[in-house]
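Working notes for the structure below.
FYI, it's all coordinate maths here, none of it is from the lab. Everything numeric in this text was worked out from a predicted model, so none of it was measured. Reconstructed Cβ throughout: ideal geometry from the backbone, glycine too, with neighbour counts over all protein chains shown.
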Amino acid sequence: MKYLSTRGDPTLRGFSDILLEGLAPDGGLYLPASYPKVDAATLTRWRALAANSYADLAYEILSLYIGDIPAADLQRLVRATYTEAVFGTREITPVAQLEGGLYLQALSNGPTLAFKDMAMQLLGQLFEYELARRGEHLNILGATSGDTGSAAEYAMRGKRGIHVFMLSPHGRMSPFQQAQMFSLPDANIHNIAVEGVFDDCQDIVKAVSNDLEFKRRWKIGTVNSINWARLLAQVVYYFAGYFQATKSNAERVSFAVPSGNFGNICAGHVARMMGLPIHRLVLATNENDVLDEFFRTGTYRPRSTAETHETSSPSMDISKASNFERFVFDLLGHDAKAGARTKALFGEALARDGGFTITREEHARIASFGFVSGKSTHADRLAAIRGTWQRSHRLVDTHTADGLKVASEHLDAGVPMIVLETALPAKFAATIEEAFAGQGVPAPAPEVPAGLRGIEKLPRRFTVLPADAALVKRHIETHAG
C-alpha cells in the first residue's frame, strides 16, 4: 500500500514514512492510493473474528494498509494495545441498545476517558517501534480542543525518543480536561496554552509543519488526526460496531458522530469506501456549525476566532476541520485531477477568500457517500443528557448528547443507528448537574475512575504563549529532545 497527497504531490510513500511525517510536503494530507475492498466472504470471516478478539480484527484491517512493518511485529503491537486491562472490557468498544433502533458504542473506556485513546494508544506503540527501528527521535507537535492532548500525552509519556509539545486554547477546556494534561509530571511532556481558540492552535501546527527546513531539523511529527495512522486505527471500531449491532452482512447500519475536526467521521467514510454496509454517516455539530452548513449548502466558510463559539461541548469548538480535506478529495474523484482541484480549494481559495463553494454537481454527489448532517445547541445537549438518563438509565457526556440529538432526526425504520460515544460524563460534571437542575430529582453523579479522582487538585505544568508560530518554534528549540 502506497500513499498520496490530497494536493497532488505525485510522490508515493510507504506507511512508515507518513507515520512520522504528518502533513505532506505540499501541505496536503495523506490518503491511500486506493481503498482496499472488503468482499462478503471477508466480512463473514471478520464477523467471527470480532466475536473473540478486537485486537485480531484490528490487525486484519490495519495489515491491509501497513505493508512495511513485518506481520509478526504489527500483530504484537496491536495485541499489546487493545487489551481488557487498558480498555476495561473484552469487547473493547461494546455496543448497547438504548431504545428502538438507537444504539450507543462505548469508545471512552481507555486511560483518558475519551475516544481518542482508541487510536492514540496504538500510535504510541507505532511511534516507539519505528523510531527504535530507525535509531531516531521525534518531537511531536499537536493541537487539542480537549481530548486529543491528554490521549496523546498519556500514550507518549515516558516513551523513548519522543517529546510532546501540545497546544491548547488557554482557558477553553473543562477543568477536568485541563487537569488531565497539565498535571502530568513527565519530563518529555510540554503543555503550551495558546491565547486563542483551537483553530489558532491548529494553524500553528500547520505553519510549523509547512516549514520544511524547521520540521526536518527538529524532527517534527504530529498526533492530530491529520496523521493518517490515527485515523486508520479509528476505522476498526466501525467494523466492530457493525458486527455487534447486526446478525448478518445483509443488514445495514447508520453511524451518528459528534464532529469537530472531522477525523472520527472520516474514519467511518473510509470504512464505507472499503465496503462496510453503512447506510448513513450522520454528522453532528454544535453551535460551531461550519460542517453542517457545507453539507446542506456546499459552502465551506470557516469562522474567525471571534466568531467561534465557546460551548458546553468544547472538543467540538472547531471551525477549520483538517480532515475535511480528505473527504473533499474523495468527493472530487481521488485522482490527479482531484488533487489539483483540492489544492485550488484548500491551498488557494481558502487563504484568499476565507472559504469556497463547490459546484452544484459536486454537491449533488455527497448523497452517494451517505452523509447527512445536523446541529445541536446547549439546550439540545441538556435535553439529550436528561432524556437518555430517564429513558435508558445511561449517562452521556455533552458531545455524545450532540450526537444523540442529531441521530434522532435521521432514524430509518429497520436500520440500527449507532451513536459513537465521545467521552465519559465525568469530564463535564458541571453540565451534567445543569441538565438535571430544577427537575425535582438529584443529578446522577458521573463516576470517576479511582486513578483519576482528585486530579483537579494536582500541581500543573504549562506555559502560556500568544498565538504566534515563531514563539512556539522558539519554545520547541529550547525544550526539544
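Of the cross-linked pairs LYS2/LYS37; LYS116/LYS375; LYS320/LYS375; LYS159/LYS219; LYS116/LYS473, those separated by over 19 Å at the C-alpha level are LYS116/LYS375; LYS116/LYS473. Give the long-range amide H neighbours of ARG280: residues separated by 5 or more places, or on another chain, with amide H under 5 Å away, using H modelled in the peptide plane at 1.01 Å from N. Hits under the 5 Å cutoff: SER254, PHE255. When the charge dipole of the stretch 333-481 is built from unit charges on Cβ atoms (+1 for Lys and Arg, -1 for Asp and Glu) and taken about the Cα centre, the candidate among HIS475, LEU350, ILE418 whose Cα reaches farthest toward its positive end is HIS475. With viscosity 0.890 mPa s and temperature 25 °C, the Kirkwood radius over alpha carbon pairs of the stretch 140-277 converts through Stokes-Einstein to a diffusion coefficient of 148 µm²/s. Note on the chain: percent of Cα-Cα distances in each 20 Å bin, starting at 0 and stopping at the bin with the largest distance, equals 25, 62, 13, 0. Convex hull volume of the C-alpha atoms in the stretch 232-301, normalised per residue: 91 Å³.
Checking every one of the GluC sites (Glu not before Pro) in the stretch 394-472 against DSSP loop status and a limit of 12 other Cβ atoms within 10 Å picks out GLU447. Among VAL282, VAL38, the order by Cβ neighbours within 10 angstrom, fewest to most, reads VAL38, VAL282. Label-to-label distance, ALA379 versus ALA48, with points set 7 angstrom from Cα along the beta-carbon direction: 5.4 nm. Measuring nothing but how far apart in sequence close Cα pairs (under 8 Å, 6+ apart) lie, relative to its length, the stretch 228-312 scores a relative contact order of 26 percent. Nearest 0.05, what FRET efficiency do GLU213 and VAL464 give at R0 = 45 Å with Cβ-Cβ as r? So the FRET efficiency works out to roughly 0.95. Over the chain, DSSP H runs of length four or greater, each weighted -39,500 (n - 2.57), average out per residue to a 222 nm ellipticity of -12000 deg cm²/dmol. For the stretch 286-338, the normalised intensity computed at q = 0.15, 0.19, 0.27 Å⁻¹ comes to -0.48, -0.69, -1.08 (log10 of I(q)/I(0), Debye sum over alpha carbons, equal scatterers, no solvent).
One Cα centroid belongs to the stretch 270-291, the other to the stretch 84-113; the line between them spans 19 Å.
When the expected Rg is taken as 2.2 N^0.38 Å, what fraction or multiple of it is the alpha-carbon Rg of the stretch 214-255? After normalising by residue count via 2.2 N^0.38 Å, the value is 1.87. Straight-line cross-link partners of LYS427 among the aspartates and glutamates, defined as a Cα under 19 Å from its Cα and at least 8 positions apart when in the same chain: ASP117, ASP147, GLU153, GLU310, ASP317, ASP380, ASP397, ASP402, GLU447, GLU456. From least to most packed, judged by other beta carbons within 10 angstrom and beginning with the fewest, ASP402, ASP211, ASP397 follow the order ASP211, ASP397, ASP402.
Taking the Kirkwood radius as Rh and the Cα radius of gyration as Rg, the stretch 379-445 has a ratio of Rg/Rh equal to 0.98. Reported value for the stretch 1-143: 161 Å³ per residue, from the convex hull of its C-alpha atoms. Dipole magnitude for the chain: about 700 debye, using +1 per Lys or Arg Cβ and -1 per Asp or Glu Cβ, origin at the Cα centre. Can you compute 3J(HN,Hα) from phi for each residue in the stretch 164-177, using the Karplus curve 6.51 cos²θ - 1.76 cosθ + 1.60 with θ = phi - 60°, rounded to whole Hz and x for Gly and Pro? In residue order, the calculated couplings are 10, 10, 10, 9, 9, x, 4, x, 10, 9, 5, x, 5, 4 Hz. Here the contact order of the chain, divided by its residue count and restricted to Cα pairs under 8 Å and six or more residues apart, works out to 20 percent.
D by Stokes-Einstein for the stretch 162-229, Kirkwood Rh over Cα pairs, 10 °C, 1.306 mPa s: 121 µm²/s.
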